[in-house]
Amino acid sequence: MGTVIDHIVVVAPNLTVGAAFVRDALGVELQQGGAHARMATHNLLLRLGDATYLEVIAPDPSALRPARSRWFALDRLTPDAPPRLAAWVARTDDIRSSSSLCASVVGSIEPMDRGALSWLITVPADGSLPLGGAAPALIEWQVQPHPARALKDVGCSLVELEVFHPEPSRVQTVLAAIELSSPIRLHPLPPGAEPYLVAHIQTPSGRRTLSTP
């Protein structure tokens, strides 16, 4: 029932500014992803390994706004909001078991698809980020091999993910419940501070970091 890091998520008001944010931070170009019809969003992608990737996600201006809240708190972004590393997603082979002990945090299981890809993912009903992004969404892919293998390898890999939260014990409870095996460094913040993430990524030009500007 254990889980591992599947991908990290940069949210942006549009894909153009999201791509520029990643380009400036990592010195690499993103690849075309696709559209998520149920959420009226679309994405760009960067391979970080055989089964790990980075996603830039934004509202899709060509799609009708969904009746429900979009995922990753995208409905809360203003048009001039800066892109930021806002979330991460943990992969499981049994999403029902993995989410059973932390459903109040990660949300309910939703079926999703993008082109030929299909998966199950946990999404809070209000579209919020679990514990402000410090806790992961859970994903169970319904395709093989992992979608990251279809992405061009430009020489990037995820070295480490740091998680900052004012109540780290709450985050640790979720990580224990999902039996996360990937290494995460969890740090405390002062009471009331906003949670945030820092990803350390190896690139062709050396190790770089991605976070909130």
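The values are calculated or read from the model by the stated rules, or taken from the named source; none is laboratory data. Just so it is clear, the model here is predicted, and its values are computed rather than measured. For neighbour counting, all protein chains shown are included, and Cβ atoms are generated from backbone atoms with ideal geometry for every residue, glycine included.
Any residue in region 42-56 that is aromatic (Phe, Trp, Tyr) sitting within a Cβ distance under 7 Å of a residue that is outside any strand (DSSP E or B)? List the pairs, counting only those 6 or more apart or interchain.
Every condition considered, the pairs that remain are 53/148; 53/151.
Scanning for something hydrophobic (A, V, I, L, M, F, W, C), in contact (Cβ under 8 Å) with a residue 12 or more places away in the chain and part of a strand (DSSP E or B), does region 166-180 turn up at least one residue?
Residues of region 166-180 hydrophobic (A, V, I, L, M, F, W, C): 171, 174-178, 180.
Okay, now just the ones that are also in contact (Cβ under 8 Å) with a residue 12 or more places away in the chain, so 171, 174-175, 177-178, 180.
Imposing the further condition that a residue be part of a strand (DSSP E or B) reduces the set to 180.
Among the residues of region 166-180, at least one is hydrophobic (A, V, I, L, M, F, W, C), in contact (Cβ under 8 Å) with a residue 12 or more places away in the chain and part of a strand (DSSP E or B), which makes the answer yes.
Can you tell me which of 184, 95 is β-branched (Val, Ile, Thr) and either over 16 Å from residue 52 (Cβ atoms) or more than 18 Å from the chain's Cα centre (by Cα) (or both)?
Just a single option satisfies the conditions, and that option is 95.
Give me the residue from region 72-98 that is of a type in the set (Gly, Ala, Ser) and either in contact with a Phe, Trp or Tyr (Cβ under 7 Å, 6 or more places away or on another chain) or more than 16 Å from residue 133 (Cα to Cα) (or both) and, out of that set, surrounded by the most Cβ atoms within 10 Å (Cβ to Cβ).
98
With on the phi > 0 side of the Ramachandran plot, among the small types (Gly, Ala, Ser) and modelled with pLDDT of 95 or more as the only criterion, which of 81, 90, 58, 73 stands out? Quick ask: steps written out before the conclusion?
Values: 81 fails: on the phi > 0 side of the Ramachandran plot; 90 fails: on the phi > 0 side of the Ramachandran plot; 58 fails: on the phi > 0 side of the Ramachandran plot.
Going through 81, 90, 58, 73 in turn, just one is on the phi > 0 side of the Ramachandran plot, among the small types (Gly, Ala, Ser) and modelled with pLDDT of 95 or more: 73.
Residues 205, 157: which one is in contact (Cβ under 8 Å) with a residue 60 or more places away in the chain, surrounded by fewer than 16 Cβ atoms within 10 Å (Cβ to Cβ), within 17 Å of the chain's Cα centre (by Cα) and farther than 18 Å from residue 92 by Cα? Even if it seems obvious, please write down each step before you answer.
Numbers: 205 fails: within 17 Å of the chain's Cα centre (by Cα).
Sole residue among the options that is in contact (Cβ under 8 Å) with a residue 60 or more places away in the chain, surrounded by fewer than 16 Cβ atoms within 10 Å (Cβ to Cβ), within 17 Å of the chain's Cα centre (by Cα) and farther than 18 Å from residue 92 by Cα: 157.
Given region 1-78, what strands (runs of 3 or more DSSP E) lie entirely inside it while holding 3 or more residues that are in contact with a Gly (Cβ under 6 Å, 6 or more places away or on another chain)?
Numbers: elements: 4-11, 31-36, 41-49, 52-59.
Per the criteria, 41-49.
Looking for whichever is on the phi > 0 side of the Ramachandran plot and either modelled with pLDDT of 95 or more or of a type outside the set (A, V, I, L, M, F, W, C) (or both) here; the options are 107, 18. Which one fits? Quick ask: steps written out before the conclusion?
Numbers: 18 fails: on the phi > 0 side of the Ramachandran plot.
Among 107, 18, only 107 is on the phi > 0 side of the Ramachandran plot and either modelled with pLDDT of 95 or more or of a type outside the set (A, V, I, L, M, F, W, C) (or both).
For the subset of region 119-154 comprising residues that are assigned to a helix (DSSP H, G or I) and of a type in the set (Gly, Ala, Ser), which member is surrounded by the most Cβ atoms within 10 Å (Cβ to Cβ)?
Of region 119-154, the ones assigned to a helix (DSSP H, G or I) are 130-133, 147-150.
Going one step further and asking which of them are of a type in the set (Gly, Ala, Ser), we end up with 132-133, 148, 150.
Values: 132: 20, 133: 26, 148: 19, 150: 14.
In this case the residue turns out to be 133.
Being more than 19 Å from residue 203 (Cα to Cα) and buried (at least 19 other Cβ atoms within 10 Å of the Cβ) is the filter here; which residues of region 1-38 pass it?
The answer is 3, 11, 12, 15, 33, 36.
Condition first: under 20 Å from residue 207 (Cα atoms) and either free of Cβ contacts under 8 Å to residues at least 60 places away in the same chain or β-branched (Val, Ile, Thr) (or both). Now tell me which residues in region 131-154 satisfy that. Give the derivation first.
In the first step, residues of region 131-154 are kept if they are under 20 Å from residue 207 (Cα atoms); the result is 152-154.
The answer is 154, and nothing else.
Of everything in region 181-191, what is at pLDDT 95 or above and in a loop (DSSP other than H, G, I, E, B)? Give them in sequence order.
Those that are at pLDDT 95 or above and in a loop (DSSP other than H, G, I, E, B): 181, 189, 190, 191.
Can you pull out every residue in region 160-169 that is surrounded by 14 or more Cβ atoms within 10 Å (Cβ to Cβ) and not aromatic (Phe, Trp, Tyr)?
From region 160-169, those surrounded by 14 or more Cβ atoms within 10 Å (Cβ to Cβ) are 160-168; that's our starting set.
Answer for region 160-169, where residues must be surrounded by 14 or more Cβ atoms within 10 Å (Cβ to Cβ) and not aromatic (Phe, Trp, Tyr): 160, 161, 162, 163, 165, 166, 167, 168.
For region 79-98, how many residues are assigned to a helix (DSSP H, G or I) and out of contact with any strand residue (DSSP E or B) (no Cβ under 8 Å at 6 or more places or on another chain)? Write out each step before concluding.
Initial filter on region 79-98 (assigned to a helix (DSSP H, G or I)): 95-98.
Filter once more, so that each one left must be out of contact with any strand residue (DSSP E or B) (no Cβ under 8 Å at 6 or more places or on another chain): 97.
Looking only at that region, the number is 1.
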